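First up is the structure itself, then whatever we jot down about it.
Just so it is clear, none of the values below were taken in a lab; they were calculated from the coordinates. This structure is a prediction, so every number in the text was calculated from the model and none was measured. Every residue, glycine among them, receives a Cβ derived from its backbone with ideal geometry; neighbour counts consider all protein chains shown.
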Amino acid sequence: MNIFALIMGLFAAGIVAAASERVHAHAPRWISLIAFVVALIYTSSAWLGAGSGTEEYARQVLPWIPQFGIQVFLVLDGLSLMLVALTAFLGIIAVVSSWSEISERHGFFQFNILWVMAGVVGVFSAFDLFLFFFFWEVMLIPMYFLIAIWGHENRSYAATKFFLFTQISGLLMLFAILSLVYFNYQATGVITFNYFELRNASLDPDVAWWLMLGFFVAFITKLPSVPVHTWLPDAHTQAPTAGSVILAGILLKTGGYGVIRFAVGLFPEASQDFATVGMLLGALSIVYGGYMAYSQSDFKRLVAYSSVAHMGFILLGVYAFNEIAMQGAVVTMVAHGFSTAALFMMAGALQQRLHSRELSKMGGLWVLAPRMGAMTLFFVVASVGMPGLGNFVGEFLALLGAFQAHVPLTIAATIGIVVAAVYGLSLMQRAFQGVPNPDVGEIEDFGAREMTVMILMMIGLVWLGVYPQLVLDLSAPVITSLGVAGL
Amino acid sequence: MESLFYIAAVTALASTVLVVTGKNASHALIYLIVSLLSVAVIFFLLGAPFAAALEVVVYAGAIVVLFLFVVMMLNLGKGSVARESAWLRPSMWILPCLLTVPLFLGLVYALSGEPIQTAGAMVGPKTVGTQLFGPYLLAVELAGILLLAALVGAYHLGRRYMSERREEM
Amino acid sequence: MNFALSIPLEHVFVLAVALFCIGLTGVLVRRNVMFVLMSLEVMMNACGLAFVAAGARWAQADGQIMFMFILALAAAEVAVALGIVLQLSRRFDSLDVDSANEMHS
Amino acid sequence: MGVLWLIPTFPLLGFLVLFLSQGKLPKIVVAIVGAGSIGLSAIVAVVVGKAFADAGAEPQSQLLWTWMRVGEFVPEIRLYLDGLALVMTGVITGVGFLIHVYATGYMWDDHEEPEGFSRFFAYMNLFVFAMLMLVLGDNLLVLFLGWEGVGLCSYLLIGFYHRDPNNGYAARKAFVVTRVGDTFMALGLFLLFRELGTTEIQASLAAANIAWPEGSTMATVIGLLFLGGAMGKSAQVPLQTWLPDAMAGPTPVSALIHAATMVTAGVYLIARMHDIYIISPEAQFWVAVTGLVTLFISSFTALVQTDIKRVLAFSTMSQIGYMIMALGVGAWSAAVFHLMTHAFFKALLFLASGSVILALHHEQDMFKMGGLWRKLPIPFVSMLVGSIALAALPLTSGFFSKDAIMLTAAENPAAGMVFWGGAAMAAFMTALYTTRMILLTFFGEAKTAAHDSSGWNMNAPLVILCGLALGGGWFGLDIVSGVLPDGGITMHDHFSPIALVTMAMPLLGILTGWFVFGSSRGGSTQLPGTEFAENVRRFWYSGWGFDWLYDRAVVAPFVALARMNKNDFVDLVFKLAASTTRGVHHVLAVIQNGRLRWYAWNMALGLVFVFVVVMWEALG
């Protein structure tokens, strides 16, 4: 599989989509849709083409800046492949979810979506730290535009906040990357940004600890974890539907991916020392995110805070340092991609119909739009962690593994699933149940287009919930290679 | 002969004060010429005849005349004197003087030390010229570029002014 | 023929500093741009005087050379500045240095 | 044996059909699919049960697929059938089928939710599926899947009439309170896995017997955590408060979920994990205490309720209290036996009350009923039969099971007389409130006009359940003897003094009831009308103040805290950084004002400053 071509293809599709607006206003979204479908098929074919137990599905090395040991070094291992496939899938969802929402500058909109996704694919497959940082920034700027141009009433505030948080934390990571390269250069006399070589760099433990912290802060800001989560509710609330879907479904996962791949992968010992703090932040995110979600009255903000809670499971799972918990973190990433993307799509659909995200202006919508109600119910239930659906597998594994590592924190995190029930059901109640709000007139229920994507995501979640083995098999070699102890 | 220096110095100071405090631009320019000429005398007395000549020719001759041209073009008449009086309230002098007087005193204090006499030797145009086109050649070139840039800039600014004037007429 | 006198260097410097400070006061006080420019000329001239005096102390040409550069600078400055003055009076019908201020603080 | 998987599959298919058709099927098709799927399951259950009995009651299992494989954590989706599971399956599919049939009549012309017929049966089928997974799963994780699944369906069905926010509140309360219990259970699961390395039920019990000596702390902790799970699901003190509110759901739901099946899941769990409690008598003792406290408290509460369904709800709590206490005192088989008989008579009571409620156009207040026995003969007889079984009059099904429990409790070495005394007191109360309910509902003056519109599909289940409630006690339940440690119902001497007192309690209760409530023919709720009695009545009516306590101790602080922090105080830190920057900007913007002389002045000032510093250095 040619990853470079995939990334460049998405970039190129973005440019073509932007240009095609001159031909027809609706041409960009079709181009974008086709691009993501092709990307999904291409990625899946690589998956299906490889035998089971494959550790690397593709590897590509192209020269870039040889003086500084910088290469275009792209690798798809199981974890990357899974996330790249998820990216392509959610790309489709994002395009469909804003099918009729965007009324101006269609071309540039799809351009941004495609470029974000290209950047994300790059992030998931780059094994050269410089290249990784490059893609990290590439995905940031189109996202900024998505929020700042097509966002809602308070968009520039939200976009700037998003940008600053990510940028400042990215700066920390850049600093950590450069220091790592420098220290490696001092030790070996070779300048390299190669992941595998830097992994073997012998570092002073103190230095490694600080460098790990640089990566850690960058990734938990993206994840996000308490206490650096506050950009997320604003960004989600203000972003257009496609933006929220991408943000929740994919961009947050880059944080989780980064923690696994870089914070833990590059500095296993330092991360071990740091494990309790990581788990603490995870548990804190779970409880605090859930609690904040309950206090919101804005549909999107509520879901955004619930994302914080779900991302806490990732942190908890990764820093429990055992296979079960880490697999839980990985499954949570995928399942959360489905469930939260669907909820944001729902929020977008409601906003399009009601011109509001306030839950107080909803109520009794089930009567008016039973299909929307049923879909929301399904995804709320998924997000509450119902067994048989993907989120449960992830959260259960994370907690089960975490319990082996740290009992009190796991108990605290388990309380989070009670809180999840509180906010999830309260969302359902306030939006869809109760007396129909008299201010809401007739609203259009979901049509075939929306139902198709919703059902796709439902199938995804059920599949993850009853037979997650495919995902587990994909990530197992990666987790083993991290040197995480089995149980 | 030394008294000549002090006379020139006092003249320079007095005329300069009149420049700064004056209300009529043309008069102020005349005082400025006086001041510059006094300084030229001092240059001469310090043994720098070439500098003195340049002071007279370029400063008093060219630059100040340029000022005069502008004053004439802007046609600053009686009204402008009245406006100056309005702009120049006595109280406005306080704050700047609070700054400049200490600066003056400080500088004087800093520069005073054991009394040193100037060499009293003449440094003629020839020496200056050899130096100028020897070690300082690069600086001369740079100064030339600066003047060229100023020329272009002044032309640009002035041309638009003139063309607009012409349209009005 | 030598007209050069031996003058206490200090006195020349005092004169230069005095001229400089008078010029500075002018710059700070005057609102009329013409006077501001004249004051600037005074200040530059004072600097030139200091250089020449210093050159005269050692009977070297360098002081005069520096004076010539200051001269060039003054000429350039005046040329451009007067062009601006013309524009200023044309656009704003005023010679007030602050008349072109569009900042709101 | 190969068809075991069909038992949960039919309800699942029924759910999928009803869910995917989005309510577009005609009602009759919905009814056939909804009830038929459970009927098919019941038939398969009978076939499987017959084969099971013929094969000598050997436990059998069927692997469907491996759920996931992560390191050593390899939970399988495996169905496991033994006597206990078979009894549960029989109750779920059998009673479930009857209730489904009844519901086709009850929900047919539902005026509150006319569009919801299909949705109702979809949820009901999903519930039966989940419940079957709960009892058939051979892995605690599969059990947990069912456990959460039934909780979800319970939530959905309590909130079925979703237009009324109160129902939504009741539904959420049920879900959240049981979730608290589920959290305990999940923690128990984590601990069990950590200690024993497996979550397979049979394997872990076997491992526990080897790994832990008697009285082991680990067994106690796990036992208590599972007890916490059971408390939530089975509405035991202190997690019982959701059950009365759960009556907001349609009556067949109350019959199926909140009487016959789901609420007994806790009993099933403890019975299933009995080895743990045998290892740890301490945990078992607390099980008994939980049951005793619940049955005692709720039987008093039931006495003063005015809503017929709430009476039955508290009665259910109290009867489950009996079961839990039975488990606690080691009457394992008796507990399961009571679970079964209770499913019969309580389902009967709920369905009969449902007929009454429907006939009175959704009137549930007993004080607005009265004199109905002539107009509603079948519900009346059903109610009567259910009541005598509930009150455990001799030779009814309830008698056999409850008697076995109480007599075993009396023999408990730790606190036998306390357990027996409390249970006997509650038995008295049970008879008392049952009498009150019958008298208020069916005798006295008619206060609301009744229209009996129930068809055969509502009456037939009542009749069948009448038969089961009366004769269910003769089943004897030998089938569980191989599973549970006490080897079946212990036979007691029915003529010992304690047994006679036990037997007399219900009769005494009925007589007292007749005396107290019969004289006024249901005219008064009051016990002797002093102020103290009124306070007691109010205290009992509120369910001994648990709701009041939780509202103030948990709900109100949480909500207040949530309101207070809506804008996320963490954000203040970042906002502070932003506002500081903005403040500095404003200050600096004042300096940059475009006034040339101001700039010049500052330059001069800087010059002086630098000069002063230089001088200072030079001189100093």
Compute the semi-axes of the equivalent ellipsoid of the protein assembly as shown, taking the square root of 5 times each eigenvalue of the Cα gyration tensor, and list them largest first in whole Å.
91, 34, 29
If we count other beta carbons within 10 Å of each Cβ, what is the order of D:402, D:575, D:173, D:24, fewest first?
D:24, D:575, D:173, D:402
I want to verify a result. In a Gaussian network model of chain B, Cα cutoff 10 Å, which of these has the top mean-square fluctuation: B:104, B:44, B:133?
B:104
Give the residues of region D:1-33 whose amide nitrogen is closer than 12 Å to a point set 7 Å from the Cα of residue D:51 in the direction of its Cβ.
D:1-7
Burial ordering of B:122, A:362, fewest other beta-carbon atoms within 10 Å first
B:122, A:362
Rel. contact order, % - alpha carbon contacts under 8 angstrom, at least six apart, region C:30-105:
37 percent
Going highest first, how would you order A:16-27, A:385-396 by mean Cβ packing within 10 Å?
A:385-396, A:16-27
Given D:302, A:223, A:31, which one lies farthest toward the positive end of the charge dipole of the protein assembly as shown, if we put +1 on the Cβ of every Lys and Arg and -1 on the Cβ of every Asp and Glu?
A:31
In this structure, the FRET efficiency calculated for residue A:154 and residue B:24 from their beta-carbon separation, with R0 = 60 Å, to the nearest 0.05, is 0.50
Among the aspartates and glutamates, which have Cα under 12 Å from the Cα of residue A:161 when same-chain residues fewer than 8 positions away are ignored?
A:234, D:571
Considering only B:18, B:146, B:88, give the residue with the highest GNM mean-square fluctuation for chain B, with springs between Cα atoms whenever their separation is below 10 Å.
B:146
With Cα springs under 10 Å, the Gaussian network model of chain B assigns the largest mean-square fluctuation among B:51, B:143, B:154 to B:154
Averaged over D:161-169, number of beta-carbon atoms from partner chains that fall within 10 Å
5
Reachable lysines from residue D:375, Cα under 27 Å, same-chain residues fewer than 8 places away excluded?
D:309, D:346, D:447
Please average, across the residues of B:103-113, the number of beta carbons from any other chain that are within 10 Å of each residue's own beta carbon, and give a whole number.
6
Assertion target for A:406, D:338, ordered by fewest C-beta neighbours within 10 angstrom first, is A:406, D:338
Residues other than residue A:287 with Cβ under 15 Å of its Cβ, Lys/Arg counted +1 and Asp/Glu -1, net out at -1
Cross-link table A:222/D:566; A:300/D:575; D:50/D:402; D:27/D:402, entries beyond 32 Å C-alpha to C-alpha
D:27/D:402
For chain D, the charge dipole (Cβ of Lys, Arg +1; Cβ of Asp, Glu -1; about the Cα centre) points to a positive end, and the Cα of D:419, D:162, D:614 closest to that extreme belongs to D:614
Label-reachable residues, region C:1-29, where backbone N falls under 18 Å from a point 7 Å from residue B:2's Cα toward its Cβ
C:3-16
Which whole number gives the average count of other chain Cβ atoms within 10 Å of the Cβ atoms across peptide A:460-472?
2
Residue farthest toward the positive end of the dipole of the protein assembly as shown, with Cβ of Lys/Arg at +1 and Asp/Glu at -1: which of D:223, D:240, C:68?
C:68
Which lysines have a Cα less than 22 Å from the Cα of residue B:23, not counting those fewer than 8 places away in the same chain?
B:78
Any idea what the dipole of chain D comes to, in debye rounded to 20, about its Cα centre with Lys/Arg Cβ at +1 and Asp/Glu Cβ at -1?
1760 debye
How much of the DSSP bridge set in chain A is antiparallel, in percent, rounded to the nearest 5?
90 percent
Any idea what the relative contact order of region A:274-487 is, in percent, if you count C-alpha pairs under 8 Å spaced at least 6 apart?
30 percent
Cβ neighbours within 10 Å, averaged per peptide: list D:344-356, C:83-95, A:468-480 in order, most packed at the top.
D:344-356, A:468-480, C:83-95
Once you place label points 7 Å from the Cα toward the Cβ at residue D:456 and residue D:415, how far apart are they in nm?
5.4 nm
How would you classify region D:375-489 from its alpha-carbon gyration tensor, with a ≥ b ≥ c the square roots of the eigenvalues: rounded for a/c under 1.5, else prolate if a/b is greater than b/c, otherwise oblate?
oblate
Put one equal scatterer on each alpha carbon of region A:274-487, apply the Debye formula with no solvent term, and list log10 I(q)/I(0) at q = 0.12 1/Å to two decimals.
-0.60
Cut-off 14 Å between beta-carbons: net charge of the residues surrounding residue C:75, Lys and Arg +1, Asp and Glu -1
-3
Taking the alpha-carbon centroid of each part, what is the distance from region D:382-446 to region A:303-377 in angstrom?
48 Å
So for R0 = 41 Å, FRET eff. of residue B:73-residue D:617 from the Cβ-Cβ r, to 0.05, ends up at 0.25
Pairs of Cα atoms under 8 Å, at least six residues apart: use those to get the relative contact order of chain D, whole percent.
12 percent
What whole-number distance in Å separates the alpha-carbon centres of region B:92-133 and region A:416-439?
83 Å
Using label points projected 7 Å from each Cα along Cα→Cβ, tell me how many nm separate residue D:501 and residue D:592, to one decimal.
9.3 nm
Quick check on region A:1-118: take the gyration tensor over C-alpha atoms, sort the square-rooted eigenvalues as a ≥ b ≥ c, and tell me if it's rounded (a/c under 1.5), prolate or oblate.
oblate
With the cut-off at 28 Å, report for chain A the share of all Cα pairs above it, as a whole percent.
48 percent
Assign unit charges at the C-beta atoms only (+1 for Lys and Arg, -1 for Asp and Glu), then state the dipole size of the protein assembly as shown relative to its Cα centre in Debye, rounded to the nearest 20.
2880 debye
